[in-house]
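Notes follow the structure.
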Amino acid sequence: MCCDSKRRFLLLYATQKGQAKAIAEEIWQQASAHGFEADMHCISEMDKYNLETEKDPVVIVISTTGTGDPPDTARKFVKKIQDKTLPPDHFAHLQYGLLGLGDSEYMFFCNGGRTVDRRLQELGAQRFYDTGLADDCVGLELVVDPWIDGLWLALKEALQLREEKEGMNNAVDAVSSSLSPAPHAVHELKLSSEVQNLKLEDERARGSDVLSQQLDDINLAAPASDPEPSLLHSVPPLSQSTLNIPALPPEYIEVQLQDTQGENPHLSSLVSEGAFEVPVTKAVQLTRGDAIKTALLLELDIADTVFEYQPGDAFCVICPNNASEVEELLHILGLSEKGDNFVCVQVKQGTKKKGASRPQHVPERSTLKFILTWCLEIRAIPKKAFLRALVECTGDVGEKRRLQELCSRQGASDYTCFIRDSNVCLLDLLHAFPSCKPSLSLLIEHLPKLQARSYSASSSNLYQPGRLHFVFNVVEFPASPSRPVSRKGVCTGWLAELVAPLLHPSKNTLDAKGESSTEKISIFPRPNNAFHLPADPSVPFIMVGPGTGISPFIGFLQHRQKLREQHTDWEFGETWLFFGCRHQDRDYLFKQLRSFLENGTLTHLKVCFSRDSTTAEEAPPKYVQDILRLCAKEVARVLLKERGYFYVCGDKKHMADDVSDAVVDILSTEMEADRLEAMKILATLREAKRYLQDVWS
């Protein structure tokens with residue numbers, strides 16, 4: 001601990017995908033300009049700090065993962081502080097400020113941060129600064145930036161208060177008793193993820209870490225023929241504003257291209273969980289050719305592996321970036337001829353970056369094409385720190401100014417509109433700003449890890465031993481003004497291309513024996529701790545899964561059918577399935593649901609079709625929440641009288657919330673209770689793991 005104890009604070013971060021770490025590094029960089037020394041560590045490095053004896057203020061930046069869980073790096077820490085034998089004054093000496101990161105699209109918003117915050121309070125710790133909860137759904141920076149701005153005054157007040165208390169230690173009792181106690185130093189900064197509560201114009205904490213960029217007679221207002229702002233152009237007042245832009249992140253990676261040959265790392269080395277390479281043995285298009293979305297079912301052969309799963313579990317697919325996009329990026333970087341060269345990635349000598357290390361997702365030695373294909377998320381939406389670094393690589397004065405605007409405080413709304421909401425990626429920026437020529441080392445520093453994509457199992461190993469099914473829509477991103485080319489999803493587009501020979505076999509796809517060649521993909525398990533069938537088979541349950549949300553419920557029903565065949569003496573509870581899609585003849589994904597109904601595995605099947613026209617006098621229900629309301633008495637009976645389970649799978653934004661609202665209405669009506677009471681009952685069901693969701697945004 002080499003920092004001056006009077007100006008030092010402990011900075012801890014807990015990250016899953018790098019967001020919390022990047023924000024902590026921003027705090028660390030700004031600290032010196034405000035007269036502080038940040039002693040920064042990952043929260044998992046518990047040998048490098050000790051909260052039990054910590055005297056200085058503690059700042060914690062923590063994200064949320066999964067269904068409201070703390071990130072993997074915080075698991076040991078959370079387990080330690082949740083020890084029930086700890087006394088309520090265990091952290092009475094501790095002052096802290098916490099910034100939680102989350103996404104309000106998901107149910108347990110910022111629950112990782114809330115969990116740590118709540119437990120620290122229970123153990124007697126005191127907040128010296130209000131907790132901030134940043135929402136990735138609307139833009140983390142809308143809360144992160146003002147939270148960091150206000151942090152320095154709060155730290156100053158907290159340290160001043162401590163100094164005052166230390167200075168009073170030698171005062172005589174008579175004098176001490178005549179003094180009024182110092183007020184608790186809490187710097188009030190009411191932060192909300194709601195944009196209207198934010199005061200981004202606040203200038204209270206400007207330091208040398210924030211650069212003031214003058215116009216220098218550069219006029220980037222959109223031309224008269226294009227009066228609206230765009231990715232390329234701004235309009236007044238932004239185009240005429242003095243800008244406050246972030247500090248330039250220090251360089252810390254050094255890259256050497258080598259002519260030597262060798263082999264790339266195996267894909268299993270890219271994940272800590274241990275991956276399995278398995279053949280794709282079957283592919284079926286579940287939707288008709290004229291359906292709005294294309295849904296595919298893939299079958300994997302896991303017979304020769306130790307891969308285990310239960311119905312309701314998910315698993316991850318290790319996928320590459322699009323090959324043509326990788327080639328395009330190599331071309332723009334001027335490295336088209338170097339794709340097969342080996343790259344040695346090391347930490348730059350003398351870097352100013354705190355605790356700099358080679359990103360763990362980038363091999364120390366592999367080919368350039370391997371890094372861009374399997375390691376870096378080249379489709380990632382660039383963060384403001386990346387834009388700030390790209391400014392230094394841009395030659396054209398006008399382009400440089402526009403990039404400065406997009407990463408500035410004043411350009412926050414333009415960043416949200418033209419970068420974040422438009423799903424702009426690095427390639428789009430390099431096309432829009434052709435004078436921008438970043439180095440390979442800069443890309444490795446700023447592009448995040450290419451994440452494996454998660455899918456729900458759509459089968460039962462009991463029903464089909466050695467086989468794993470999953471269902472997905474091929475994601476489409478249409479062109480937009482900020483992104484003039486349409487794209488498919490990174491993983492779903494790759495899978496669709498990979499299995500095209502299975503979907504449309506031809507002579508060209510057959511091997512010498514006349515058999516289709518077998519493609520393989522790498523997967524690893526991602527067990528779900530709660531989204532499983534009830535342990536007691538006599539308990540009834542309701543499944544709601546429109547579109548591909550039906551996927552895990554096929555596994556549920558397969559498993560239940562096999563149990564019924566094997567255990568004829570068991571008592572089985574009733575089962576309900578609510579399914580919806582656009583058109584009955586185009587995207588009714590599993591028409592074989594009727595067979596589950598006929599053999600008694602499925603007790604009730606309720607379907608709806610939102611886009612089909614009807615000549616009936618009374619229009620049929622369009623959405624699953626509408627059918628739920630028609631079955632209100634039965635739904636209430638299953639949940640309340642028979643203590644059944646309720647499962648929801650599918651789109652969070654356009655379905656899961658509406659289903660939740662429908663259940664609240666049902667409970668309110670059937671119990672003759674007000675809506676608040678019904679919401680409390682639903683919360684109780686969630687707490688008891690009887691109302692379960694597997695949703696995505």
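The values are calculated or read from the model by the stated rules, or taken from the named source; none is laboratory data. On a predicted model such as this, the values are computed, not experimentally measured, just so you know. Cβ placement follows ideal geometry from the backbone for every residue including glycine, while neighbour counts extend to all protein chains displayed. Note: areas computed on protein heavy atoms with side chains; ligands, DNA, RNA excluded. Shrake-Rupley method; radii C 1.70, N 1.55, O 1.52, S 1.80 Å.
The Rg/Rh ratio for the chain, using Cα coordinates for both the radius of gyration and the Kirkwood hydrodynamic radius, is 0.99.
Of THR281, THR53, the residue with the largest accessible area leads and the full order is THR53, THR281 (1.4 Å probe). The H on the amide N of SER480, modeled in the peptide plane, is under 5 Å from the matching H of VAL485, each at least 5 residues off or on a different chain. Annotation: the antiparallel percentage among DSSP beta bridges lying fully within the stretch 7-164 is about 5.
Summing +1 for each Lys or Arg and -1 for each Asp or Glu, what net charge is found among the other residues whose Cβ lies under 14 Å from the Cβ of PHE596? Surrounding charge for PHE596 is +3. Among TRP570, TRP152, the order of accessible area from largest down is TRP570, TRP152, computed with a 1.4 Å probe on protein heavy atoms. Comparing CYS42, PHE386, LEU593 along the charge dipole axis of the chain, the residue lying farthest to the positive side is LEU593, per the Cβ-charge model.
So what does log10 I(q)/I(0) come out to for the stretch 366-457 at q = 0.13, 0.14, 0.24, 0.25 Å⁻¹, using the Debye formula with one equal point on every Cα and no solvent? Relative scattering, expressed as log10 I(q)/I(0), comes to -0.46, -0.53, -1.28, -1.35. Per residue, the solvent-accessible area of the stretch 7-164 (1.4 Å probe, heavy atoms of protein chains only, all protein chains present) comes to 38 Å². The residues of the stretch 541-695 present an accessible area of 48 Å² per residue when probed at 1.4 Å with all protein chains retained. Here the scattering of the stretch 621-695 is modelled by Debye summation over its C-alpha atoms, one equal scatterer each and no solvent; at q = 0.20 Å⁻¹ the log10 of I(q)/I(0) is -0.84. For GLY97, the amide hydrogen comes within under 5 Å of the amide hydrogens of VAL58, VAL59, ILE60, PHE128, counting only partners 5 or more places away or on other chains and with H modelled in the peptide plane. With 28 Å as the limit, the listed pairs LYS55/LYS354; LYS76/LYS680; LYS641/LYS689; LYS562/LYS680 have LYS76/LYS680; LYS562/LYS680 beyond it between alpha carbons. Only protein atoms count toward the accessible area here, which uses a 1.4 Å probe; on the stretch 541-695, the carbon and sulfur part of that area reaches 46 percent.
In the context of the full set of protein chains, residues of the stretch 316-396 present 41 Å² of accessible surface per residue (probe radius 1.4 Å, heavy atoms only). Peptides 459-468, 572-581, 55-64, 377-386 ranked from most to least packed, by the mean per-residue count of other Cβ atoms within 10 Å: 55-64, 572-581, 377-386, 459-468. Given q = 0.18, 0.27 Å⁻¹, what are the Debye log10 I(q)/I(0) values for the stretch 283-323, with equal point scatterers placed on the Cα positions and solvent ignored? Calculated log10 I(q)/I(0) at the listed q: -0.84, -1.05.
A straight Cα-to-Cα reach below 13 Å connects LYS606 with the aspartates and glutamates ASP626, GLU634, residues fewer than 8 places away in its own chain not being considered. Among beta bridges identified by DSSP and lying wholly in the chain, the antiparallel ones come to about 50 percent. Per-residue ellipticity at 222 nm computed for the chain from its helices equals -8000 deg cm²/dmol, with DSSP H segments shorter than 4 residues left out and the rest contributing -39,500 (n - 2.57).
Taking the accessible area of the stretch 249-318, probe 1.4 Å, and keeping the other protein chains in place, the carbon and sulfur fraction comes to 44%. Couplings 3J(HN,Hα) of the stretch 429-444, computed from phi: 5, 5, 6, 6, 10, x, 7, 7, 10, x, 7, 4, 5, 5, 5, 5 Hz, in residue order, whole Hz [Karplus 6.51 cos²θ - 1.76 cosθ + 1.60, θ = phi - 60°; x for Gly and Pro].
Across the stretch 36-50, computed HN-Hα scalar couplings (Karplus, 6.51 cos²θ - 1.76 cosθ + 1.60, θ = phi - 60°) run 10, 10, 9, 8, 9, 8, 5, 5, 6, 7, 6, 7, 9, 8, 8 Hz from first to last residue, x flagging Gly and Pro. Distance from the alpha carbon centroid of the stretch 347-383 to that of the stretch 30-67 works out to 24 angstrom. Backbone phi angles across the stretch 106-119, fed through the Karplus curve with coefficients 6.51, -1.76 and 1.60 (θ = phi - 60°), yield HN-Hα couplings of 9, 4, 9, 4, 6, 5, x, x, 4, 4, 5, 4, 4, 5 Hz in residue order; Gly and Pro are listed as x. Per-atom-type breakdown for the stretch 7-164 gives carbon and sulfur 48% of the accessible area (1.4 Å probe, protein chains only).
Strictly greater than 23 Å: what percent of every Cα pair in the stretch 7-164 meets that? For the stretch 7-164, the share of Cα pairs beyond 23 Å comes to 32 percent.
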